[in-house]
1. Determine the alpha carbon to alpha carbon distance for each of Lys32/Lys180; Lys183/Lys221; Lys44/Lys248; Lys53/Lys134; Lys81/Lys190 and list only those over 23 Å.
2. Treat the count of other C-beta atoms within 10 Å as a stand-in for reagent exposure and order Trp227, Trp246 from fewest to most.
3. Treating only the Cβ of Lys, Arg, Asp and Glu as charged (+1, +1, -1, -1), what charge dipole size does the chain show about its Cα centre? Round to the nearest 20 debye.
4. Quick one: divide the alpha-carbon radius of gyration of segment 95-172 by 2.2 N^0.38 Å and tell me what you get.
5. Which one of Lys23, Lys42, Lys52 has the biggest mean-square fluctuation once the chain is modelled by GNM with Cα springs under 10 Å?
6. For Lys197, enumerate residues with amide H under 5 Å from its amide H, sequence gap 5+ or separate chain, H modeled in the peptide plane.
7. Can you pull out the trypsin sites (Lys or Arg not before Pro) in segment 137-201 whose DSSP state is coil and whose Cβ has at most 15 other Cβ atoms within 10 Å?
8. Report the residue, chosen from Gln106, Gln47, Gln223, that carries the largest GNM mean-square fluctuation when the chain is represented by alpha-carbon nodes joined by springs under 10 Å.
Amino acid sequence: MYVIFTDLDNTLLDSRYSYEDAKDVLEILKEKEIPIVFCSAKTKYEQEVIRKKIGIKDPFIVEDGSAIYIPKNYFGSRKGKVIDDYEVIVLGTKINKIREEIEKLQRKYHIIGYQDMSIKEISEVTGLNFKDSKLAKNREFSETIVEAENKAIEELKKKFNVVIGGRFIHVFGKNADKGKAVKLLTKFYKEKYGEVKTIGIGDSYTDEPMLRVVDIPAIVKGQDGKWVNLKIKNLYRANGVGPKGWSKVIKKFILSDKDV
């Protein structure tokens, strides 16, 4: 049995936040009942919208490995604290703790995060519509920094994980880790199904912890048409940007010619 762990932005989704180029492959995966587990910096609320659009009902990892949301009774036995329709495993730090530290630093340094911005301002810097910008701001375990002095970032690194992404800086708890979350879910899948082969698909340095713990690590090309320089054993580099590259990974490792 295969399990797919995937990043979203610039991986399954293109620069316009569309998965159109992977739609046909996604439909085949759903027919085959192959789990597709999102593992992204995006929030629970953002990921729920995408899951609903695609029609995915598998677990998902939010805010850079800060928490795992498992649909209730998905694995049979309970795996986390029941909150609404999910069993939730929290690995990271609640946002109020992160914001406390940021607000202290704001007295000394220039630093602006999503929580300091209006929905309109977030929309302008991200290209998201107002509805999606509201979901992006509604964070539980991390803060997205849009502007900051280097000294402020160095101070944040003393207490939190700080990841410098393509456009923004992500701040989250020291125990939050995409790799830890993927390993935990892989363990649950193996307990339920026995032999499991995992595939991880990403596009950037922030995906490295996930890619290091899967059986088949793969990256797609960035918007600049280049692969990020990751030193990971047996890393497959798909010849395609975003969802086009994503589809190529799935076709190579999971689907046979008669499927496509």
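Only the coordinates and a few stated rules stand behind these numbers; no lab work does. None of these values were measured; they are calculated from a predicted model. Cβ: placed from backbone, ideal geometry, glycine included. Neighbour counts: every protein chain shown.
1. Details: Lys32/Lys180 27 Å; Lys183/Lys221 25 Å; Lys44/Lys248 27 Å; Lys53/Lys134 18 Å; Lys81/Lys190 21 Å.
Exceeds cut-off: Lys32/Lys180; Lys183/Lys221; Lys44/Lys248.
2. Details: Trp227 16, Trp246 30.
So the ranking, lowest neighbour count to highest, is Trp227, Trp246.
3. Details: 49 positive and 40 negative charges, 128 e Å.
Roughly 620 debye, rounded to the nearest 20.
4. 1.04
5. Of Lys23, Lys42, Lys52, the Gaussian network model singles out Lys52 as fluctuating most.
6. Answer set, sorted by chain and number: Tyr2, Val3.
7. Details: sites: Lys137, Arg139, Lys151, Lys157, Lys158, Lys159, Arg167, Lys174, Lys178, Lys180, Lys183, Lys187, Lys190, Lys192, Lys197; in loops: Arg139, Lys158, Lys159, Arg167, Lys174.
Filter output for segment 137-201: Lys158, Lys159, Arg167, Lys174.
8. Gln106
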